[in-house]
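The values are calculated or read from the model by the stated rules, or taken from the named source; none is laboratory data. No experiment lies behind these values; they were computed from the predicted model shown. Every residue, glycine among them, receives a Cβ derived from its backbone with ideal geometry; neighbour counts consider all protein chains shown. Ligands, DNA and RNA are excluded from the accessible area calculation, which covers all protein heavy atoms including side chains. Shrake-Rupley method; radii C 1.70, N 1.55, O 1.52, S 1.80 Å.
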Amino acid sequence: MVHPHYPIRTDRLALRPITSADADAMLEYKSDPDVVRYVPYDVLDRDGVERRIGSAWGRSVFDAPGDAVCLGVEETATGRLVGDVVLFWHSEKDRSGEVGYIFHPGVRGRGYAGEAVAALLDLGFGGLGLHRIVARINELNEASARVVERLGFRREARTVESIWFKGGWATMLEYALLEQEWVPRSQIPPAR
Ligand SMILES: CC(C)(COP(=O)(O)OP(=O)(O)OC[C@H]1O[C@@H](n2cnc3c(N)ncnc32)[C@H](O)[C@@H]1OP(=O)(O)O)[C@@H](O)C(=O)NCCC(=O)NCCS
């Protein structure tokens, strides 16, 4: 079992387990069709958010491959939940994982997603000992592609109409980063 030490602090954010007290804050962005357009679920109501917090989104330790840890992202200055991130542990033998992220539209363009995902990469490569972490992004989701490109992920594939997604074919971009390519957060100069 890998039990990370929470909260994980960055310059402006704190990553920590999600609890039922986060339901209202999460509902604000998870009920917005523009925000959930490229994530696996559709717009959620309060019941949908609470049920997920009570199951998958409430997990904050890694027991075995196949587990995913979801963390709430709090803005340190205000204590407000501004988004959430997920780290999937895919395989023990291949030491592989995957990241996902979603943020409140009110905090776009501040670099919060990049800052939070950087901390998640520290957890994946450092805490969990992963060798390779991927991100799978719908080609139309340009803001998301910019997040991982800024973090140094390599675009390895563009798979044309490879998944049936929310009523249509989606072309996916596959990005990857290896442990030896990752510069831990503490060594990254501020983006601006
Ligand atoms: C994907 C998503 C997280 C990107 O959000 P974002 O605000 O663009 O990303 P960041 O927080 O990293 O901010 C980066 C932007 O802030 C700017 N910025 C401002 N201050 C910054 C700072 N201190 N550090 C870094 N970037 C900063 C960057 O220049 C960049 O702008 P650009 O995209 O015009 O180049 C957001 O659009 C989202 O939640 N989408 C819905 C959910 C989703 O699609 N998730 C991904 C599924 S694969």
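If you place +1 on the Cβ of every Lys and Arg, -1 on the Cβ of every Asp and Glu, and leave all else neutral, what size is the dipole of segment 8-131 about its Cα centre, to the nearest 20 Debye?
With Lys and Arg at +1 and Asp and Glu at -1, about 180 debye.
Where the centre of each part is set by its Cα atoms, how far does segment 138-181 sit from segment 80-125, in angstrom?
Distance between centres, Cα-based: 14 Å.
Going from most exposed to least, what order do 133, 8 have by accessible area with a 1.4 Å probe?
Largest to smallest exposure gives the sequence 8, 133.
Relative to the present Cα-Cα distance, how much length would full extension add between residue 19 and residue 51 at 0.36 nm per residue of separation?
Answer, rounded to one decimal: 10.4 nm.
Report, to two decimal places, the Cα Rg of the chain normalised by 2.2 N^0.38 Å (N = number of residues).
Computed over Cα atoms of the chain, the ratio equals 0.98.
Applying 1/(1 + (r/R0)^6) with R0 = 30 Å to the Cβ-Cβ distance of residue 32 and residue 154, what FRET efficiency is obtained, to the nearest 0.05?
It comes out at approximately 0.45.
In the Gaussian network model of the chain, springs joining C-alpha atoms below 10 Å, which of 164, 89, 57 carries the largest mean-square fluctuation?
164
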